Amino acid sequence: LRPPIPVPQTLTFLLPSSHSYRGLTLVLTFLSYTSYHLSRKPISIVKSQLHPNCSALGPNPHNDSNSSTWCSWAPFDGDNYKELFGALDNAFLVAYAIGMFISGIFGERLPLRYYLSGGMVLSGFFTSLFGLGYFWDIHVLWYFIVVQVCNGLVQTTGWPAVVACVGNWFGKGKRGLIMGIWNSHTSVGNILGSLIAGAWVSSAWGLSFVVPGIIITIVGIICFFFLVEYPEDVDCSPPLHHVITTSEKDPEAVIPNEGPLSLSSQSSVDHSNSPKEPTEEPEAISFLGALRIPGVVEFSLCLLFAKLVSYTFLYWLPLYIVNVAHFGAKEAGDLSTLFDVGGILGGIFAGLISDYTGGRATTCCVMLVVAAPMLFLYNHVGQNGIGTSIAMLIICGALVNGPYALITTAVSADLGTHESLKGNAKALSTVTAIIDGTGSVGAALGPLLAGLISPTGWNNVFYMLIAADVLACLLLARVVVKEARGWCGYMARKRGYVVT
(Lines give C-alpha, C1' and ligand atoms only; values in the text may rest on other atoms or scores of the structure.)
Protein backbone atom coordinates (compact mmCIF):
# COMPACT_ATOMS: atom_id res chain seq x y z
CA LEU A 1 0.00 0.00 0.00
CA ARG A 2 1.27 3.45 -0.86
CA PRO A 3 1.82 5.41 2.35
CA PRO A 4 0.19 8.84 2.13
CA ILE A 5 2.58 11.77 1.83
CA PRO A 6 2.14 14.10 4.83
CA VAL A 7 0.25 17.24 3.87
CA PRO A 8 0.05 20.28 6.18
CA GLN A 9 -3.23 20.18 8.05
CA THR A 10 -3.82 23.88 7.45
CA LEU A 11 -4.57 23.13 3.81
CA THR A 12 -7.54 20.96 4.80
CA PHE A 13 -9.30 23.97 6.23
CA LEU A 14 -8.16 26.56 3.74
CA LEU A 15 -8.77 24.52 0.58
CA PRO A 16 -11.79 22.27 1.12
CA SER A 17 -12.61 21.63 -2.58
CA SER A 18 -10.78 19.80 -5.35
CA HIS A 19 -11.03 22.92 -7.53
CA SER A 20 -9.03 24.87 -4.98
CA TYR A 21 -6.38 22.17 -4.84
CA ARG A 22 -6.15 22.17 -8.63
CA GLY A 23 -5.70 25.93 -8.59
CA LEU A 24 -3.02 25.64 -5.92
CA THR A 25 -1.21 22.97 -7.95
CA LEU A 26 -1.21 25.17 -11.06
CA VAL A 27 0.07 28.21 -9.16
CA LEU A 28 2.83 26.36 -7.31
CA THR A 29 4.08 24.45 -10.36
CA PHE A 30 3.92 27.67 -12.42
CA LEU A 31 6.04 29.48 -9.84
CA SER A 32 8.40 26.51 -9.62
CA TYR A 33 9.25 26.35 -13.28
CA THR A 34 9.29 30.13 -13.58
CA SER A 35 12.03 30.12 -10.95
CA TYR A 36 13.91 27.38 -12.83
CA HIS A 37 14.07 29.53 -15.96
CA LEU A 38 14.71 32.64 -13.86
CA SER A 39 17.88 30.97 -12.55
CA ARG A 40 19.02 29.85 -16.04
CA LYS A 41 18.82 33.26 -17.67
CA PRO A 42 21.60 35.24 -15.87
CA ILE A 43 24.44 33.59 -17.80
CA SER A 44 23.26 35.16 -21.08
CA ILE A 45 23.05 38.59 -19.43
CA VAL A 46 26.40 38.42 -17.62
CA LYS A 47 28.42 37.33 -20.67
CA SER A 48 28.67 40.93 -21.85
CA GLN A 49 30.19 41.90 -18.49
CA LEU A 50 32.71 39.07 -18.42
CA HIS A 51 34.27 40.37 -21.65
CA PRO A 52 33.14 43.98 -22.23
CA ASN A 53 34.59 46.65 -24.48
CA CYS A 54 37.17 48.04 -22.06
CA SER A 55 38.17 50.93 -24.32
CA ALA A 56 34.72 52.45 -23.86
CA LEU A 57 35.38 52.74 -20.11
CA GLY A 58 38.38 55.02 -20.42
CA PRO A 59 42.06 54.51 -19.58
CA ASN A 60 43.30 51.51 -17.64
CA PRO A 61 43.45 52.52 -13.95
CA HIS A 62 45.88 49.67 -13.20
CA ASN A 63 48.39 50.75 -15.87
CA ASP A 64 48.76 47.17 -17.09
CA SER A 65 50.42 46.47 -20.40
CA ASN A 66 47.30 44.79 -21.76
CA SER A 67 44.96 47.76 -21.92
CA SER A 68 42.33 46.20 -24.19
CA THR A 69 41.03 43.63 -21.67
CA TRP A 70 41.78 45.21 -18.31
CA CYS A 71 38.08 45.27 -17.34
CA SER A 72 37.36 41.68 -18.45
CA TRP A 73 37.04 38.76 -16.04
CA ALA A 74 39.72 36.13 -16.47
CA PRO A 75 39.70 33.49 -17.91
CA PHE A 76 37.26 35.15 -20.33
CA ASP A 77 39.67 37.99 -21.17
CA GLY A 78 41.41 36.27 -24.06
CA ASP A 79 40.67 36.23 -27.77
CA ASN A 80 39.02 32.83 -27.36
CA TYR A 81 36.31 34.17 -25.05
CA LYS A 82 33.52 33.18 -27.49
CA GLU A 83 34.68 29.57 -27.40
CA LEU A 84 34.76 29.67 -23.60
CA PHE A 85 31.23 31.08 -23.47
CA GLY A 86 30.18 28.30 -25.83
CA ALA A 87 31.78 25.78 -23.48
CA LEU A 88 29.71 27.18 -20.59
CA ASP A 89 26.49 26.88 -22.62
CA ASN A 90 27.26 23.36 -23.83
CA ALA A 91 28.30 22.22 -20.36
CA PHE A 92 24.83 23.08 -19.10
CA LEU A 93 22.86 21.87 -22.14
CA VAL A 94 24.66 18.54 -22.54
CA ALA A 95 24.44 17.79 -18.81
CA TYR A 96 20.76 18.71 -18.91
CA ALA A 97 20.07 16.45 -21.89
CA ILE A 98 21.89 13.47 -20.34
CA GLY A 99 20.45 14.02 -16.88
CA MET A 100 16.89 14.29 -18.18
CA PHE A 101 16.83 10.63 -19.24
CA ILE A 102 17.81 9.63 -15.70
CA SER A 103 15.72 12.18 -13.85
CA GLY A 104 12.32 10.76 -14.77
CA ILE A 105 13.28 7.31 -13.46
CA PHE A 106 14.06 8.79 -10.03
CA GLY A 107 10.96 10.97 -10.22
CA GLU A 108 8.71 7.91 -10.45
CA ARG A 109 10.33 6.27 -7.42
CA LEU A 110 10.59 9.24 -5.06
CA PRO A 111 7.83 11.46 -3.68
CA LEU A 112 7.39 14.23 -6.24
CA ARG A 113 7.16 16.93 -3.59
CA TYR A 114 10.50 15.92 -2.07
CA TYR A 115 12.09 15.43 -5.48
CA LEU A 116 10.98 18.81 -6.84
CA SER A 117 11.79 20.76 -3.68
CA GLY A 118 15.20 19.12 -3.31
CA GLY A 119 16.04 19.85 -6.94
CA MET A 120 15.07 23.50 -6.55
CA VAL A 121 17.20 23.94 -3.45
CA LEU A 122 20.19 22.33 -5.18
CA SER A 123 19.58 24.50 -8.27
CA GLY A 124 19.65 27.57 -6.05
CA PHE A 125 22.87 26.35 -4.47
CA PHE A 126 24.74 25.82 -7.77
CA THR A 127 23.34 29.01 -9.32
CA SER A 128 24.65 30.95 -6.33
CA LEU A 129 28.01 29.16 -6.53
CA PHE A 130 28.54 30.57 -10.02
CA GLY A 131 27.91 34.09 -8.70
CA LEU A 132 30.09 33.54 -5.65
CA GLY A 133 33.00 33.14 -8.05
CA TYR A 134 32.85 36.94 -8.34
CA PHE A 135 33.08 37.54 -4.59
CA TRP A 136 35.69 34.80 -4.09
CA ASP A 137 37.74 36.20 -7.00
CA ILE A 138 37.87 32.88 -8.87
CA HIS A 139 39.49 32.99 -12.33
CA VAL A 140 39.82 29.32 -13.33
CA LEU A 141 37.62 27.91 -16.10
CA TRP A 142 37.10 24.49 -14.55
CA TYR A 143 35.24 26.01 -11.57
CA PHE A 144 32.59 27.61 -13.78
CA ILE A 145 32.36 24.52 -16.04
CA VAL A 146 31.83 22.17 -13.08
CA VAL A 147 29.18 24.46 -11.59
CA GLN A 148 27.36 24.58 -14.95
CA VAL A 149 27.45 20.78 -15.30
CA CYS A 150 26.09 20.27 -11.77
CA ASN A 151 23.42 22.90 -12.31
CA GLY A 152 22.39 21.29 -15.59
CA LEU A 153 21.98 17.92 -13.86
CA VAL A 154 19.91 19.16 -10.90
CA GLN A 155 17.73 21.35 -13.13
CA THR A 156 16.40 18.17 -14.74
CA THR A 157 14.33 17.56 -11.60
CA GLY A 158 11.98 20.37 -12.54
CA TRP A 159 10.15 19.55 -15.74
CA PRO A 160 9.22 15.88 -15.14
CA ALA A 161 8.02 16.72 -11.61
CA VAL A 162 5.83 19.71 -12.49
CA VAL A 163 4.24 17.99 -15.50
CA ALA A 164 3.56 14.89 -13.40
CA CYS A 165 1.92 16.98 -10.66
CA VAL A 166 -0.32 18.79 -13.13
CA GLY A 167 -1.12 15.54 -14.93
CA ASN A 168 -2.14 13.91 -11.65
CA TRP A 169 -4.74 16.63 -11.04
CA PHE A 170 -6.11 17.30 -14.51
CA GLY A 171 -7.76 14.91 -16.93
CA LYS A 172 -7.89 15.32 -20.68
CA GLY A 173 -10.96 17.55 -20.75
CA LYS A 174 -9.19 20.92 -21.00
CA ARG A 175 -5.63 19.74 -20.51
CA GLY A 176 -4.32 21.27 -23.75
CA LEU A 177 -5.74 24.76 -23.07
CA ILE A 178 -4.82 24.74 -19.37
CA MET A 179 -1.27 23.58 -20.04
CA GLY A 180 -0.93 25.97 -22.97
CA ILE A 181 -1.59 28.90 -20.65
CA TRP A 182 0.41 27.32 -17.82
CA ASN A 183 3.41 26.81 -20.12
CA SER A 184 3.94 30.59 -20.29
CA HIS A 185 6.08 30.16 -17.16
CA THR A 186 9.07 29.66 -19.47
CA SER A 187 8.78 33.12 -21.00
CA VAL A 188 7.86 34.73 -17.68
CA GLY A 189 10.94 33.20 -16.07
CA ASN A 190 13.17 34.38 -18.91
CA ILE A 191 11.84 37.93 -18.65
CA LEU A 192 12.16 38.08 -14.85
CA GLY A 193 15.62 36.51 -15.02
CA SER A 194 16.75 39.17 -17.48
CA LEU A 195 15.41 42.00 -15.33
CA ILE A 196 16.88 40.67 -12.08
CA ALA A 197 20.27 39.85 -13.60
CA GLY A 198 20.38 43.20 -15.37
CA ALA A 199 19.89 45.06 -12.10
CA TRP A 200 23.35 44.03 -10.82
CA VAL A 201 25.26 43.07 -13.96
CA SER A 202 27.24 46.32 -14.14
CA SER A 203 27.87 46.84 -10.42
CA ALA A 204 28.43 43.33 -9.01
CA TRP A 205 27.63 40.58 -11.52
CA GLY A 206 27.86 37.92 -8.84
CA LEU A 207 24.54 39.11 -7.43
CA SER A 208 22.96 38.42 -10.82
CA PHE A 209 23.33 34.73 -9.90
CA VAL A 210 23.05 34.83 -6.12
CA VAL A 211 19.67 36.60 -6.06
CA PRO A 212 17.98 34.17 -8.52
CA GLY A 213 19.56 31.31 -6.55
CA ILE A 214 17.93 32.58 -3.37
CA ILE A 215 14.58 33.02 -5.12
CA ILE A 216 14.43 29.46 -6.49
CA THR A 217 15.44 28.12 -3.06
CA ILE A 218 12.61 30.02 -1.36
CA VAL A 219 10.07 28.80 -3.93
CA GLY A 220 11.34 25.24 -3.43
CA ILE A 221 10.76 25.49 0.32
CA ILE A 222 7.23 26.79 -0.29
CA CYS A 223 6.51 23.84 -2.59
CA PHE A 224 7.79 21.44 0.06
CA PHE A 225 5.21 22.63 2.55
CA PHE A 226 2.20 23.25 0.30
CA LEU A 227 2.36 21.17 -2.89
CA VAL A 228 -0.09 18.24 -3.01
CA GLU A 229 1.03 15.48 -5.38
CA TYR A 230 -2.07 13.31 -5.72
CA PRO A 231 -5.80 14.01 -5.31
CA GLU A 232 -6.07 10.87 -3.17
CA ASP A 233 -3.74 12.41 -0.57
CA VAL A 234 -6.46 14.93 0.35
CA ASP A 235 -9.47 12.67 -0.25
CA CYS A 236 -10.25 14.07 -3.70
CA SER A 237 -11.28 11.98 -6.69
CA PRO A 238 -8.58 11.49 -9.33
CA PRO A 239 -9.32 12.86 -12.81
CA LEU A 240 -10.54 10.70 -15.67
CA HIS A 241 -7.48 10.34 -17.86
CA HIS A 242 -8.99 8.43 -20.76
CA VAL A 243 -12.20 6.98 -22.06
CA ILE A 244 -12.56 3.22 -22.02
CA THR A 245 -13.90 1.92 -25.31
CA THR A 246 -13.67 -1.26 -27.30
CA SER A 247 -10.61 0.20 -28.97
CA GLU A 248 -8.65 -0.44 -25.78
CA LYS A 249 -8.27 -3.98 -27.00
CA ASP A 250 -5.74 -2.45 -29.38
CA PRO A 251 -3.41 -0.30 -27.30
CA GLU A 252 -1.89 1.01 -30.53
CA ALA A 253 -5.11 2.79 -31.41
CA VAL A 254 -4.88 6.55 -31.17
CA ILE A 255 -8.29 8.20 -31.20
CA PRO A 256 -9.58 11.61 -30.29
CA ASN A 257 -10.71 11.74 -26.69
CA GLU A 258 -12.13 15.23 -26.32
CA GLY A 259 -13.97 18.00 -28.10
CA PRO A 260 -16.90 17.76 -30.52
CA LEU A 261 -15.23 14.81 -32.27
CA SER A 262 -14.80 12.89 -29.02
CA LEU A 263 -16.15 9.51 -28.07
CA SER A 264 -17.12 10.71 -24.61
CA SER A 265 -20.69 9.50 -25.11
CA GLN A 266 -19.44 5.94 -24.88
CA SER A 267 -18.93 4.02 -21.68
CA SER A 268 -16.44 5.43 -19.23
CA VAL A 269 -15.21 4.88 -15.71
CA ASP A 270 -16.87 7.00 -13.04
CA HIS A 271 -14.23 7.60 -10.42
CA SER A 272 -16.43 9.79 -8.29
CA ASN A 273 -19.02 7.07 -7.62
CA SER A 274 -16.62 4.27 -6.91
CA PRO A 275 -15.70 3.65 -3.29
CA LYS A 276 -12.20 4.64 -2.31
CA GLU A 277 -10.47 1.47 -1.30
CA PRO A 278 -6.78 1.09 -0.66
CA THR A 279 -5.11 -0.48 -3.64
CA GLU A 280 -1.71 -1.93 -4.12
CA GLU A 281 0.81 0.66 -5.23
CA PRO A 282 1.67 0.04 -8.92
CA GLU A 283 5.30 -0.38 -9.80
CA ALA A 284 7.08 2.48 -11.52
CA ILE A 285 7.50 1.88 -15.24
CA SER A 286 10.93 1.06 -16.65
CA PHE A 287 12.73 3.14 -19.26
CA LEU A 288 12.10 0.55 -21.99
CA GLY A 289 8.53 0.15 -20.82
CA ALA A 290 7.97 3.89 -21.27
CA LEU A 291 9.45 3.72 -24.77
CA ARG A 292 6.91 1.04 -25.68
CA ILE A 293 3.97 3.35 -24.94
CA PRO A 294 2.44 4.17 -28.35
CA GLY A 295 3.52 7.61 -29.49
CA VAL A 296 6.43 8.21 -27.11
CA VAL A 297 9.17 7.57 -29.68
CA GLU A 298 7.44 9.61 -32.40
CA PHE A 299 6.78 12.65 -30.22
CA SER A 300 10.26 12.47 -28.67
CA LEU A 301 11.99 12.58 -32.06
CA CYS A 302 9.60 15.28 -33.27
CA LEU A 303 10.48 17.40 -30.24
CA LEU A 304 14.18 16.94 -30.96
CA PHE A 305 13.83 18.83 -34.24
CA ALA A 306 11.19 21.27 -32.96
CA LYS A 307 13.37 22.24 -30.01
CA LEU A 308 16.40 22.50 -32.31
CA VAL A 309 14.58 25.27 -34.20
CA SER A 310 13.31 26.98 -31.05
CA TYR A 311 16.66 27.09 -29.26
CA THR A 312 18.48 28.25 -32.39
CA PHE A 313 16.21 31.29 -32.39
CA LEU A 314 16.73 31.71 -28.65
CA TYR A 315 20.54 31.90 -28.92
CA TRP A 316 21.03 33.43 -32.38
CA LEU A 317 18.03 35.63 -33.16
CA PRO A 318 19.44 38.87 -31.61
CA LEU A 319 22.69 38.47 -33.56
CA TYR A 320 20.75 37.76 -36.76
CA ILE A 321 18.71 40.96 -36.29
CA VAL A 322 21.88 42.98 -35.68
CA ASN A 323 23.63 41.60 -38.78
CA VAL A 324 20.69 41.65 -41.19
CA ALA A 325 18.45 44.50 -40.00
CA HIS A 326 21.37 46.56 -38.62
CA PHE A 327 19.69 47.34 -35.31
CA GLY A 328 21.68 48.09 -32.19
CA ALA A 329 22.29 45.34 -29.65
CA LYS A 330 19.65 46.63 -27.21
CA GLU A 331 17.02 47.15 -29.92
CA ALA A 332 17.72 43.69 -31.33
CA GLY A 333 17.35 42.13 -27.88
CA ASP A 334 14.06 43.92 -27.28
CA LEU A 335 12.76 42.93 -30.73
CA SER A 336 13.73 39.28 -30.22
CA THR A 337 11.39 39.03 -27.22
CA LEU A 338 8.48 39.18 -29.66
CA PHE A 339 9.41 35.64 -30.71
CA ASP A 340 8.68 34.56 -27.11
CA VAL A 341 5.42 36.52 -27.13
CA GLY A 342 4.41 34.58 -30.24
CA GLY A 343 5.43 31.39 -28.45
CA ILE A 344 3.00 32.09 -25.61
CA LEU A 345 0.17 32.72 -28.07
CA GLY A 346 1.11 29.64 -30.09
CA GLY A 347 1.12 27.39 -27.01
CA ILE A 348 -2.36 28.56 -25.99
CA PHE A 349 -3.68 28.26 -29.55
CA ALA A 350 -2.22 24.75 -30.00
CA GLY A 351 -3.71 23.58 -26.70
CA LEU A 352 -7.13 25.02 -27.51
CA ILE A 353 -7.29 23.49 -30.99
CA SER A 354 -6.01 20.10 -29.83
CA ASP A 355 -8.64 20.03 -27.06
CA TYR A 356 -11.37 20.88 -29.54
CA THR A 357 -10.35 18.33 -32.16
CA GLY A 358 -8.75 15.69 -29.94
CA GLY A 359 -5.80 15.51 -32.35
CA ARG A 360 -2.56 16.46 -30.62
CA ALA A 361 -0.32 15.10 -33.39
CA THR A 362 -2.40 16.63 -36.17
CA THR A 363 -2.31 20.03 -34.49
CA CYS A 364 1.49 19.86 -34.19
CA CYS A 365 1.88 18.65 -37.77
CA VAL A 366 -0.26 21.41 -39.27
CA MET A 367 1.62 24.12 -37.35
CA LEU A 368 4.98 22.66 -38.39
CA VAL A 369 3.89 22.51 -42.05
CA VAL A 370 2.89 26.18 -41.97
CA ALA A 371 6.04 27.15 -40.03
CA ALA A 372 8.43 26.05 -42.81
CA PRO A 373 7.32 28.60 -45.44
CA MET A 374 6.92 31.30 -42.79
CA LEU A 375 10.58 30.85 -41.78
CA PHE A 376 11.54 31.21 -45.43
CA LEU A 377 9.49 34.41 -45.75
CA TYR A 378 10.90 35.87 -42.53
CA ASN A 379 14.45 35.41 -43.78
CA HIS A 380 13.68 37.12 -47.11
CA VAL A 381 11.13 39.84 -46.28
CA GLY A 382 11.03 39.93 -42.50
CA GLN A 383 13.52 42.80 -42.26
CA ASN A 384 11.85 45.12 -44.77
CA GLY A 385 10.35 47.30 -42.03
CA ILE A 386 9.73 47.39 -38.30
CA GLY A 387 6.05 46.51 -38.74
CA THR A 388 6.87 43.52 -40.93
CA SER A 389 9.54 42.36 -38.49
CA ILE A 390 7.14 42.51 -35.53
CA ALA A 391 4.38 40.62 -37.35
CA MET A 392 6.71 37.95 -38.74
CA LEU A 393 8.45 37.38 -35.41
CA ILE A 394 5.15 36.85 -33.59
CA ILE A 395 3.84 34.51 -36.30
CA CYS A 396 7.07 32.50 -36.49
CA GLY A 397 7.27 32.32 -32.69
CA ALA A 398 3.71 30.99 -32.50
CA LEU A 399 4.23 28.36 -35.21
CA VAL A 400 7.64 27.20 -33.95
CA ASN A 401 6.95 27.17 -30.20
CA GLY A 402 3.30 26.05 -30.40
CA PRO A 403 4.08 22.38 -31.18
CA TYR A 404 7.06 22.50 -28.80
CA ALA A 405 4.84 23.72 -25.95
CA LEU A 406 2.07 21.22 -26.72
CA ILE A 407 4.41 18.20 -26.84
CA THR A 408 6.24 19.05 -23.61
CA THR A 409 3.00 19.63 -21.69
CA ALA A 410 -0.32 18.11 -22.76
CA VAL A 411 1.14 15.36 -24.96
CA SER A 412 3.59 14.29 -22.24
CA ALA A 413 0.76 14.15 -19.70
CA ASP A 414 -1.46 12.21 -22.13
CA LEU A 415 1.21 9.59 -22.85
CA GLY A 416 2.15 9.32 -19.17
CA THR A 417 -1.46 8.33 -18.43
CA HIS A 418 -2.00 6.34 -21.64
CA GLU A 419 -4.80 3.78 -21.68
CA SER A 420 -2.31 0.98 -22.35
CA LEU A 421 -0.99 1.52 -18.81
CA LYS A 422 -4.38 0.40 -17.44
CA GLY A 423 -4.62 3.09 -14.80
CA ASN A 424 -0.98 3.06 -13.72
CA ALA A 425 -0.03 6.74 -13.50
CA LYS A 426 3.52 5.92 -12.39
CA ALA A 427 4.87 6.70 -15.86
CA LEU A 428 4.33 10.46 -15.97
CA SER A 429 7.81 11.51 -14.87
CA THR A 430 9.62 8.89 -16.95
CA VAL A 431 7.68 9.67 -20.13
CA THR A 432 8.09 13.42 -19.64
CA ALA A 433 11.83 13.00 -19.05
CA ILE A 434 12.27 10.85 -22.17
CA ILE A 435 10.41 13.33 -24.37
CA ASP A 436 12.06 16.46 -22.99
CA GLY A 437 15.45 14.77 -22.73
CA THR A 438 15.35 13.87 -26.43
CA GLY A 439 14.25 17.43 -27.18
CA SER A 440 17.17 18.76 -25.14
CA VAL A 441 19.55 16.96 -27.51
CA GLY A 442 18.10 19.13 -30.26
CA ALA A 443 18.39 22.19 -28.02
CA ALA A 444 22.12 21.56 -27.75
CA LEU A 445 22.58 20.72 -31.45
CA GLY A 446 20.67 23.69 -32.88
CA PRO A 447 22.85 26.56 -31.60
CA LEU A 448 25.98 24.48 -32.31
CA LEU A 449 24.97 23.86 -35.94
CA ALA A 450 23.97 27.50 -36.38
CA GLY A 451 27.42 28.56 -35.20
CA LEU A 452 29.08 26.25 -37.71
CA ILE A 453 26.81 27.17 -40.63
CA SER A 454 26.40 30.94 -40.08
CA PRO A 455 29.82 31.85 -41.57
CA THR A 456 28.55 30.47 -44.90
CA GLY A 457 25.52 32.80 -44.82
CA TRP A 458 22.29 33.23 -42.89
CA ASN A 459 20.30 31.69 -45.77
CA ASN A 460 21.93 28.34 -45.05
CA VAL A 461 21.02 28.60 -41.37
CA PHE A 462 17.37 29.08 -42.29
CA TYR A 463 17.50 26.19 -44.76
CA MET A 464 18.73 24.04 -41.88
CA LEU A 465 15.84 25.24 -39.68
CA ILE A 466 13.29 24.58 -42.42
CA ALA A 467 14.68 21.07 -42.95
CA ALA A 468 14.41 20.41 -39.20
CA ASP A 469 10.77 21.58 -39.25
CA VAL A 470 9.94 19.24 -42.14
CA LEU A 471 11.62 16.29 -40.40
CA ALA A 472 9.68 17.00 -37.20
CA CYS A 473 6.45 16.92 -39.19
CA LEU A 474 7.31 13.68 -41.02
CA LEU A 475 8.11 11.89 -37.77
CA LEU A 476 4.50 12.39 -36.64
CA ALA A 477 3.01 10.93 -39.83
CA ARG A 478 2.19 7.55 -38.24
CA VAL A 479 0.37 9.09 -35.28
CA VAL A 480 -1.50 11.52 -37.54
CA VAL A 481 -2.75 8.60 -39.67
CA LYS A 482 -4.04 6.83 -36.56
CA GLU A 483 -5.83 9.98 -35.40
CA ALA A 484 -7.42 10.29 -38.85
CA ARG A 485 -8.62 6.68 -38.63
CA GLY A 486 -10.14 7.45 -35.25
CA TRP A 487 -12.03 10.41 -36.67
CA CYS A 488 -13.27 8.36 -39.62
CA GLY A 489 -14.45 5.60 -37.31
CA TYR A 490 -16.29 8.10 -35.12
CA MET A 491 -18.04 9.72 -38.08
CA ALA A 492 -19.03 6.29 -39.41
CA ARG A 493 -20.52 5.30 -36.04
CA LYS A 494 -22.29 8.64 -35.83
CA ARG A 495 -23.98 7.99 -39.16
CA GLY A 496 -25.05 4.51 -38.11
CA TYR A 497 -22.47 2.44 -39.93
CA VAL A 498 -20.97 -0.63 -38.26
CA VAL A 499 -17.19 -0.35 -37.93
CA THR A 500 -15.32 -3.65 -37.73
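The values are calculated or read from the model by the stated rules, or taken from the named source; none is laboratory data. Owing to the predicted nature of the structure, the values given are computational and were not obtained by experimental measurement. All Cβ positions, even for glycine, are placed from backbone atoms using ideal geometry, and neighbour counts span all protein chains on display. Note: accessible area is taken over every heavy atom of the protein model, side chains too, but ligands, DNA and RNA are not part of it. Shrake-Rupley method; radii C 1.70, N 1.55, O 1.52, S 1.80 Å.
Can you name every residue in region 312-355 that is among the hydroxyl-bearing types (Ser, Thr, Tyr) and modelled with pLDDT under 85?
Our first condition is that a residue be among the hydroxyl-bearing types (Ser, Thr, Tyr); within region 312-355, this holds for 312, 315, 320, 336-337, 354.
Of everything in region 312-355, those that are among the hydroxyl-bearing types (Ser, Thr, Tyr) and modelled with pLDDT under 85 turn out to be TYR315, TYR320, SER336, THR337.
I need the full set of residues from region 170-213 which are within 16 Å of GLN155 (Cβ to Cβ) and either touching an Asp or Glu at 6+ places or on another chain (Cβ under 7 Å) or of a type in the set (A, V, I, L, M, F, W, C) (or both), in order please.
Step one: of region 170-213, the residues within 16 Å of GLN155 (Cβ to Cβ) are 185-186, 189-190, 193, 209, 212-213.
Hits for region 170-213 are ASN190, PHE209.
Any residue at all in region 482-490 that's modelled with pLDDT under 85, in contact with a His (Cβ under 7 Å, 6 or more places away or on another chain), farther than 15 Å from VAL309 by Cα and part of a helix (DSSP H, G or I)?
Checked against the condition, which is being modelled with pLDDT under 85, in contact with a His (Cβ under 7 Å, 6 or more places away or on another chain), farther than 15 Å from VAL309 by Cα and part of a helix (DSSP H, G or I), region 482-490 yields no hits at all.
Can you say whether ARG478 is out of contact with any Leu (no Cβ under 9 Å at 6 or more places or on another chain), in a helix (DSSP H, G or I), at pLDDT 80 or above and more than 29 Å from MET374 (Cβ to Cβ), as far as the supplied structure shows?
On the way: out of contact with any Leu (no Cβ under 9 Å at 6 or more places or on another chain): yes; in a helix (DSSP H, G or I): yes; at pLDDT 80 or above: yes; more than 29 Å from MET374 (Cβ to Cβ): no.
It is false that ARG478 is out of contact with any Leu (no Cβ under 9 Å at 6 or more places or on another chain), in a helix (DSSP H, G or I), at pLDDT 80 or above and more than 29 Å from MET374 (Cβ to Cβ).
For the structure I just gave you, tell me whether VAL498 is at pLDDT below 85, out of contact with any strand residue (DSSP E or B) (no Cβ under 6 Å at 6 or more places or on another chain) and either in a loop (DSSP other than H, G, I, E, B) or within 27 Å of PRO373 (Cβ to Cβ) (or both). Before you say what the answer is, go through the steps one by one.
Details: at pLDDT below 85: yes; out of contact with any strand residue (DSSP E or B) (no Cβ under 6 Å at 6 or more places or on another chain): yes; either in a loop (DSSP other than H, G, I, E, B) or within 27 Å of PRO373 (Cβ to Cβ) (or both): yes.
Considered against the rule, which asks whether it is at pLDDT below 85, out of contact with any strand residue (DSSP E or B) (no Cβ under 6 Å at 6 or more places or on another chain) and either in a loop (DSSP other than H, G, I, E, B) or within 27 Å of PRO373 (Cβ to Cβ) (or both), VAL498 comes out as yes.
If I ask for residues that are surrounded by fewer than 14 Cβ atoms within 10 Å (Cβ to Cβ) and assigned to a helix (DSSP H, G or I), which ones from region 125-140 would you list? Steps first, answer last, please.
Step one: list which residues in region 125-140 are surrounded by fewer than 14 Cβ atoms within 10 Å (Cβ to Cβ), which gives 135-137, 139-140.
Hit for region 125-140 is PHE135, nothing else.
For a quick check of your reading of the model, give me the residue pairs whose first member lies in region 96-121 and is of a type in the set (Asp, Glu), whose second is assigned to a helix (DSSP H, G or I) and crowded, with 24+ Cβ neighbours inside 10 Å, with beta-carbon atoms closer than 8 Å and at least 6 apart or on different chains.
Here the result reads GLU108/LEU428; GLU108/SER429; GLU108/THR430, each pair linking region 96-121 to a residue that is assigned to a helix (DSSP H, G or I) and crowded, with 24+ Cβ neighbours inside 10 Å.
Being modelled with pLDDT under 85 and within 27 Å of PHE135 (Cα to Cα) is the filter here; which residues of region 89-112 pass it?
ASP89, ASN90
Looking only at region 379-396, filter to residues that are assigned to a helix (DSSP H, G or I) and open to solvent by less than 10 Å² (accessible area, probe 1.4 Å); which one of those is farthest from ARG478 (Cα to Cα)? Before you say what the answer is, go through the steps one by one.
So in region 379-396, the residues assigned to a helix (DSSP H, G or I) come out as 379-381, 386-396.
Remaining after also requiring open to solvent by less than 10 Å² (accessible area, probe 1.4 Å): 389, 393, 396.
Values: SER389: 36, LEU393: 31, CYS396: 25 Å.
Going through the qualifying residues, I end up with SER389.
When residues of region 181-204 are filtered for being outside any helix (DSSP H, G or I) and either farther than 22 Å from SER72 by Cβ or aliphatic (A, V, I, L, M) (or both), how many remain? Break it down stepwise before answering.
Going residue by residue through region 181-204, those that are outside any helix (DSSP H, G or I) are 183-184, 201-204.
Then drop every residue that is not either farther than 22 Å from SER72 by Cβ or aliphatic (A, V, I, L, M) (or both), which leaves 183-184, 201, 204.
Of the residues in that region, 4 qualify.
Counting just the residues of region 436-458 that are within 18 Å of PHE376 (Cβ to Cβ) and open to solvent by less than 20 Å² (accessible area, probe 1.4 Å), which one comes out nearest to the chain's Cα centre (by Cα)?
GLY446
What is the residue count in region 63-78 for residues that are at pLDDT 80 or above and open to solvent by 40 Å² or more (accessible area, probe 1.4 Å)?
1
Can you tell me how many residues in region 13-62 are farther than 27 Å from GLY86 by Cα, among the hydrophobic types (A, V, I, L, M, F, W, C) and at pLDDT below 75?
Summing the residues that are farther than 27 Å from GLY86 by Cα, among the hydrophobic types (A, V, I, L, M, F, W, C) and at pLDDT below 75 in region 13-62 gives 3.
Looking at region 144-165, can you tell me whether even one residue there is open to solvent by 10 Å² or more (accessible area, probe 1.4 Å), part of a loop (DSSP other than H, G, I, E, B) and either hydroxyl-bearing (Ser, Thr, Tyr) or more than 15 Å from PRO42 (Cα to Cα) (or both)?
No.
Name every residue in region 319-378 that is surrounded by 24 or more Cβ atoms within 10 Å (Cβ to Cβ) and outside any helix (DSSP H, G or I), in order of residue number.
GLY358, GLY359
Would region 459-474 turn up any residue that is assigned to a helix (DSSP H, G or I), modelled with pLDDT under 90 and open to solvent by 30 Å² or more (accessible area, probe 1.4 Å)?
Scanning region 459-474, I find no residue that is assigned to a helix (DSSP H, G or I), modelled with pLDDT under 90 and open to solvent by 30 Å² or more (accessible area, probe 1.4 Å), so the answer is no.
Could you check how many residues of region 188-207 are of a type in the set (Phe, Trp, Tyr) and open to solvent by 40 Å² or more (accessible area, probe 1.4 Å)? Steps first, please.
Just the residues of region 188-207 that are of a type in the set (Phe, Trp, Tyr), to begin with: 200, 205.
From what is left, the residues that are open to solvent by 40 Å² or more (accessible area, probe 1.4 Å) are 200.
Of the residues in that region, 1 qualify.
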